[in-house]
Amino acid sequence: FYGPRIGALYVRGLGEFTPLYPMLFGGGQEWNFRPGTENTPMIAGLGKAAELVTQNCEAYEAHMRDVRDYLEERLEAEFGQKRIHLNSQFPGTQRLPNTCNFSIRGPRLQGDGPSPWSFQV
């Protein structure tokens, strides 16, 4: 999830397990890790984004899984199993709902533009 123009970092055991150094210097805010005033509206927006993701996580995952499965079906329908190999479709495989991993088979890839494999210096 994300909030517009804001992010968060969770660090377990600060200083013990994970060294963390400031990116900017000045001011003593946030235990000397960052200068400046916190952007309260953006922090509230990030909190709301986290709340929405928590409430709708299963629906988001189902939608991403449906889109991924549709992409894989269309790839196989368009190119066939001789040209496309879906690398992560095995019985019992746990897959990320937002990730499609495939290989294009064959010695040549045809296209209308210059091929990235035929680049010459």
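The values are calculated or read from the model by the stated rules, or taken from the named source; none is laboratory data. Computed from a prediction, not measured in an experiment: that's the story for all the values here. Using ideal geometry, Cβ is built from the backbone for each residue, glycine included, and neighbour counts are taken over all protein chains shown.
Before moving on, here are some points about what is shown:
- Each residue in region 33-55 was checked for being farther than 13 Å from G7 by Cβ and surrounded by 13 or more Cβ atoms within 10 Å (Cβ to Cβ), and 2 pass.
- Test: residue in region 62-73 that is modelled with pLDDT of 90 or more and touching a strand residue (DSSP E or B) at 6+ places or on another chain (Cβ under 8 Å): yes
- For beta carbons closer than 9 Å, sequence separation of 6+ or different chains, a first residue in region 72-97 that is closer than 21 Å to A62 by Cβ and a second that is among the acidic types (D, E) and exposed (fewer than 14 other Cβ atoms within 10 Å of the Cβ), the qualifying pairs are P97/E61; P97/D66.
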